[in-house]
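Data block below; observations after.
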Amino acid sequence: MKIIVGLGNPLLKYKFTRHNLGFMALDRIAEENGIEIKKRKFNSIVGEGSVSGREVVLAKPITYMNRSGESVARFIEWYKIPLTELMVICDDINLKVGTIRIRRKGSFGGHRGLESIIDSLGSEIFPRTRIGISPSNVESFNRDLSSYVLKPFTKKEEGIIYSVIDKACEACLLWINEGIDAAMNRFND
């Protein structure tokens, strides 16, 4: 069994914001594999099904970003899976828009959702797919991080974002089928 967690914020006003890329990618995985994400479990909206013949749980914590770890820890405890069978998808301000980076482990890198998961699991050894949200025009960033991550994408960025969401989904499918090394080798720049 694999668990894929997409990070985001639950309210409708955040649906198409930079900080909700994890939710958007998870929705795409669900759509492409005929999995409905609608059941509530462990403070998440969940879908269960099969991807490439493997049993998967797709989860969107509804605890808000900074408390995502509470939900993720309950899934790991309930399903009793090793952390290597967990994939977390999230945005990353340190990567340019249109970039993804897959890692088998790592620090939270300033991302409060990842920090919460690491704190709740007591480990940073779990795979993650990070999707870049850093603007190409650094002046537009202004270093007001909380305001920036909660803004919607510009029209120029939208096409790039839908393409990179597809890429992140492909990477997760490769991780399911062939493992983290194959996904990192193919998708990391």
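The values are calculated or read from the model by the stated rules, or taken from the named source; none is laboratory data. In this text the structure is predicted, and so the values were computed from the model without any measurement. Here Cβ is always computed from backbone atoms with ideal geometry, including for glycine, and neighbour counts include all displayed protein chains.
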Here the residues within segment 152-189 that are charged (D, E, K, R), closer than 20 Å to LYS13 by Cα and surrounded by 14 or more Cβ atoms within 10 Å (Cβ to Cβ) are GLU157
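Select, from ARG112, ARG186, ARG104, the only residue that is at pLDDT 90 or above, of a type in the set (Lys, Arg) and within 15 Å of the chain's Cα centre (by Cα).
Values: ARG112 fails: at pLDDT 90 or above; ARG186 fails: within 15 Å of the chain's Cα centre (by Cα).
Answer to the check: ARG104.
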Neighbours by Cβ (under 9 Å, 6+ apart or cross-chain): first from segment 111-124, at positive phi; second surrounded by 17 or more Cβ atoms within 10 Å (Cβ to Cβ): GLY122/ALA73
Segment 58-80 - residue that is hydrophobic (A, V, I, L, M, F, W, C) and not in a helix (DSSP H, G or I) and, of those, surrounded by the fewest Cβ atoms within 10 Å (Cβ to Cβ): ILE62
From the options GLU48, GLU31, residue that is farther than 20 Å from LEU114 by Cβ and not in a helix (DSSP H, G or I): GLU48
